[in-house]
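The values are calculated or read from the model by the stated rules, or taken from the named source; none is laboratory data. Source: prediction; values computed, not measured. Note that we place each Cβ from the backbone using ideal geometry, even for glycine, and neighbour counts take in every protein chain shown.
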Amino acid sequence: MTDHTAYAIPAAARRNHWMNQITVHAANKPDATAFRFLGAETTWAQARERMDSFAAALARRGVGFGDRVLLLTLNRPEVVLSVFGINRLGAIAVPINIRLTPPEIAYIVDDADADVLIVEAPLAPLVGAVAQVTDRIRKVIVIGEAGEGQESWADLVAEDPEGFEAPDVPEDTTALIMYTSGTTGRPKGAMLDHVNLFSQSITCIRANNVNDESDIAFMTAPLFHIAGLGSIAPNFIIGIPTVIHPLGAFNPTELLDAWEREKATIVFNVPQQWQVICADPSLPDRDLHLRIISWGAAPASDTLLHAMADRFPHATNVAVFGQTELSPITCVLRGEDSLRKLGSVGRPIPTIQYRVVDDEMNDVAPGQVGEIVYRGPNLMKGYWRKPDETAAAFEGGWFHSGDLVKQDDEGFVWVVDRKKDMIISGGENVYCAEVENVLAAHPKILEAAVYGRADERWGEVPVAAVALKPEQELSIDELQDWLSDKLARFKQPKHLVVVPALPRNAAGKVNKVALRAADREPATA
């Protein structure tokens, strides 16, 4: 009889996460392209080498399993390779939204309890400003030219990794902490593990019908959003090239140039970007190879969806819907249904459980409004060091999305409202409580409430309804100037409504339904 217990296969050899996926492609097709950025290529073999070299360098600097490493970066291959290197150690990558102000960044630094920061050279001045608020950061690694007291990313990668042995990293190890603003006014870190990212990959592969290695994925979404890292996760399973587009002022003509030059087949943009892409006068003369045109992160108008169908008749339109806590996709609307089911976010993906429920967790009938709740492998492990908030989010054993929806008899979902007090502006989540907390400190404001107003360019923008202290006046320009170092620009109210007092219901809570109903053009004085 054979003794099957005599030899145990090393667990690390059987792991299914993007570190091992990179290793597979480095062995099978070392010279094939993993990344392209501004014409420069990174092969799979180079990606593997740089991942291990960076991991070894971090380990020599004291980073170990479970430690958090911050990233304040734009879009380039070094950012993805940094995440691989961090995860190679079993450490956790913590991307930070570059649009945040120094105090907002400092809060994340302290909350994550992280002391190593990777920053891209153009953003290095932000580090000094953050250091005025928190002294937690002890080591700064710069992608680009390093300053005094900093280290160069290139120097770390150039160090010899000989002798480095990566630990076994189980799939349920937290890979990312993605901070999302909370209804209480403080961001919460959603902990995403490698199971989440693999499940997200399967969702994307299925939604985009990626069956072979002929596709070329083009990434425009910021890597500090889950839309960025989540959208490229499937590329590491299939082994297709990822073209990374630099962040900066959005230029549709430059983007179309890049799509044409790179022969991109799979692209994703937020509706605001698709609007200007469809309006670009050079579009009809382009030799494009697009197979999938995808959008999400904010609602798209019927007019825009018709324009996308007209401008890209040979591409499949795929809408994705979800949230950071779900890695992020929960619903997909495919091209054949995009015009037939205008306004829908699609059907829930088949790898996730969902229900549409009332406040007592009873299922509602098709056509009735309820909150959509989830279970499944896409679902985060919880909020970093916030057990009470995690417990509240999972009340009744299901994750509460905060999205109020109705579902038709074919299973398509329409979002009716957000149970959470949130605005989506240009693809960025703006939680009203966070903005209201800051407005409450303004010396002229007695009380304030924030709600969303439809906007042709951004989808929605924040509106501040304020009651002023006696004999005070306030303009939107003055308010935005005061907020400039306190809130990221996308969170700042774009309109100001001055009221004698905020309307309240019988329980004393601000009645935002009444505010929205009475919404008027902003005061300018």
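Among the residues making up segment 24-59, those that are among the charged types (D, E, K, R), closer than 24 Å to Glu262 by Cβ and in contact with a Gly (Cβ under 8 Å, 6 or more places away or on another chain) are Lys29, Arg50. Out of everything in segment 88-125 that is surrounded by fewer than 18 Cβ atoms within 10 Å (Cβ to Cβ) and of a type in the set (A, V, I, L, M), what residue ends up being nearest to Thr324 (Cα to Cα)? This residue is Leu123. For the structure I just gave you, tell me whether Ile86 is at pLDDT below 95 and assigned by TED's automatic domain parsing to the domain that holds Ile240. So Ile86 fails the test.
Here is the figure for segment 422-445: residues that are part of a strand (DSSP E or B) and either in contact with a Phe, Trp or Tyr (Cβ under 6 Å, 6 or more places away or on another chain) or modelled with pLDDT under 85 (or both) total 5. None of Ala32, Ala11, Ala45 is in contact (Cβ under 8 Å) with a residue 12 or more places away in the chain and touching a Ser or Thr at 6+ places or on another chain (Cβ under 9 Å) except Ala32. Which numbered condition trips up Glu325, out of (1) outside the structural domain of Glu260 (by TED's automatic domain parsing); (2) at pLDDT 95 or above? The single condition Glu325 does not satisfy is (1).
Whenever a residue of segment 257-271 is farther than 9 Å from His289 by Cβ and not assigned by TED's automatic domain parsing to the domain that holds Glu428, its partners that are assigned to a loop (DSSP other than H, G, I, E, B) and hydroxyl-bearing (Ser, Thr, Tyr), lying with C-beta atoms within less than 6 angstrom and at least six residues away or across chains, give the pairs Asn269/Thr220.
Taken over segment 49-68, the criterion of being touching a Pro at 6+ places or on another chain (Cβ under 8 Å), crowded, with 18+ Cβ neighbours inside 10 Å and of a type outside the set (Asp, Glu) is satisfied by Ser53, Ala55, Ala56, Ala57. Can you pull out every residue in segment 272-298 that is in contact with a Pro (Cβ under 7 Å, 6 or more places away or on another chain) and either closer than 22 Å to Phe224 by Cα or among the acidic types (Asp, Glu) (or both)? Asp280, Trp295, Ala298 - these are the residues of segment 272-298 that are in contact with a Pro (Cβ under 7 Å, 6 or more places away or on another chain) and either closer than 22 Å to Phe224 by Cα or among the acidic types (Asp, Glu) (or both). Contact map, segment 375-396: first residue surrounded by fewer than 17 Cβ atoms within 10 Å (Cβ to Cβ), second residue aromatic (Phe, Trp, Tyr) and part of a loop (DSSP other than H, G, I, E, B), Cβ cut-off under 8 Å, separation 6 or more or different chains; pairs are Arg375/Trp398.
For the subset of segment 370-393 comprising residues that are in contact with a Phe, Trp or Tyr (Cβ under 7 Å, 6 or more places away or on another chain) and charged (D, E, K, R), which member is modelled with the lowest pLDDT? Give the derivation first.
Pass one, segment 370-393, residues in contact with a Phe, Trp or Tyr (Cβ under 7 Å, 6 or more places away or on another chain): 372-375, 379, 389-390, 393.
Filter again for charged (D, E, K, R), leaving 375, 389.
Working: Arg375: 97, Glu389: 93.
The selected residue is Glu389.
Quick one: would you say Asp388 is in a helix (DSSP H, G or I), in the same structural domain as Val270 (by TED's automatic domain parsing) and of a type in the set (D, E, K, R)?
Against the criterion (in a helix (DSSP H, G or I), in the same structural domain as Val270 (by TED's automatic domain parsing) and of a type in the set (D, E, K, R)), Asp388 does not qualify.
For Gly147, are the conditions met, namely being of a type outside the set (S, T, N, Q), in contact (Cβ under 8 Å) with a residue 12 or more places away in the chain and touching a Phe, Trp or Tyr at 6+ places or on another chain (Cβ under 8 Å)?
Details: of a type outside the set (S, T, N, Q): yes; in contact (Cβ under 8 Å) with a residue 12 or more places away in the chain: yes; touching a Phe, Trp or Tyr at 6+ places or on another chain (Cβ under 8 Å): no.
Judged against the criteria, Gly147 is not a match.
If the condition is being without any contact (Cβ under 8 Å) to a residue 60 or more places away in the chain and not aliphatic (A, V, I, L, M), then segment 91-112 contributes only Asp110.
Of the residues making up segment 446-475, those that are assigned to a loop (DSSP other than H, G, I, E, B) and of a type outside the set (A, V, I, L, M) are Glu456, Arg457, Trp458, Lys469, Pro470, Glu471, Gln472, Glu473, Ser475.
Out of everything in segment 24-44 that is out of contact with any strand residue (DSSP E or B) (no Cβ under 9 Å at 6 or more places or on another chain) and of a type in the set (A, V, I, L, M), what residue ends up being surrounded by the most Cβ atoms within 10 Å (Cβ to Cβ)? Walk me through it before giving the result.
Let us first name the residues in segment 24-44 that are out of contact with any strand residue (DSSP E or B) (no Cβ under 9 Å at 6 or more places or on another chain), namely 24, 27-28, 39-40.
Filter once more, so that each one left must be of a type in the set (A, V, I, L, M): 24, 27, 40.
Values: Val24: 14, Ala27: 11, Ala40: 9.
Among residues in segment 24-44 that are out of contact with any strand residue (DSSP E or B) (no Cβ under 9 Å at 6 or more places or on another chain) and of a type in the set (A, V, I, L, M), the one surrounded by the most Cβ atoms within 10 Å (Cβ to Cβ) is Val24.
Inspection of segment 245-266 identifies no residue that is closer than 24 Å to Val195 by Cα and among the hydroxyl-bearing types (Ser, Thr, Tyr).
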